[in-house]
Amino acid sequence: MKCPYCQADNDRVIDSRASEDGFATRRRRECLGCKRRYTTYERVERTTMKVVKKDGARVPFDRNKLKLGLEKACWKRPISDAKLEAIVSDVENNIEANFDSEVESRYVGELVMQQLRELDQVAYVRFASVYRQFEDVQDFVEELKPMLAEPLRPPR
């Protein structure tokens, strides 16, 4: 492991524990060259899951791309990075458990929207507007109708 600060290839592990999602090992390291500390995560390398896009293209599942989409939807919302990471892990674990090698992008999008709807309605509508390719205000109104019919619930 190279130090991200000085690029030295000499460090020691100070602490190891399971990450919050339970599917990775979090390690605190200290560079023996510059004495700075940093964190690394180790994940089990799984078989490459392919996502089948609407146009039929097959691309590797990319948890970073999924997290980036969530971050955009949750921009300036009171949602912690840990909650976003939990959503990404839940989605990844769900598709790994239910599919062998390929999953349709529609399924992934619906899983994300289901989780966002429970977490934050504004983030949900933002994500849905991009995912479902809203073209005008009427599309927003149609998406909001079921949510507006529900009784108000306290914020999480």
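The values are calculated or read from the model by the stated rules, or taken from the named source; none is laboratory data. The structure displayed is predicted, hence computed values, not measured ones. Cβ: placed from backbone, ideal geometry, glycine included. Neighbour counts: every protein chain shown.
Of the candidates Val103, Val108, the single residue that is assigned by TED's automatic domain parsing to the domain that holds Arg132, assigned to a strand (DSSP E or B) and closer than 30 Å to Met147 by Cβ is Val103. Selection of the stretch 14-48 for residues being closer than 28 Å to Asp62 by Cα, among the hydrophobic types (A, V, I, L, M, F, W, C) and in a strand (DSSP E or B) yields Ala18, Ala24.
Of all residues in the stretch 17-29, those satisfying the criterion of being of a type in the set (D, E, K, R), touching a strand residue (DSSP E or B) at 6+ places or on another chain (Cβ under 7 Å) and buried (at least 16 other Cβ atoms within 10 Å of the Cβ) are Arg27, Arg29. Would it be correct to say that Leu70 is modelled with pLDDT of 90 or more, surrounded by 15 or more Cβ atoms within 10 Å (Cβ to Cβ), within 24 Å of Val52 (Cα to Cα) and touching a Phe, Trp or Tyr at 6+ places or on another chain (Cβ under 9 Å)? When the stated conditions are applied, Leu70 passes them. Screening Arg36 on (1) at pLDDT 95 or above; (2) out of contact with any Pro (no Cβ under 9 Å at 6 or more places or on another chain) shows it passes everything except condition (2).
For the stretch 80-89, give me each residue that is exposed (fewer than 15 other Cβ atoms within 10 Å of the Cβ), free of Cβ contacts under 8 Å to residues at least 60 places away in the same chain and assigned to a helix (DSSP H, G or I).
In the first step, residues of the stretch 80-89 are kept if they are exposed (fewer than 15 other Cβ atoms within 10 Å of the Cβ); the result is 80-82.
Those still in the list that are free of Cβ contacts under 8 Å to residues at least 60 places away in the same chain too: 80-81.
Across the stretch 80-89, the qualifying residue is only Asp81.
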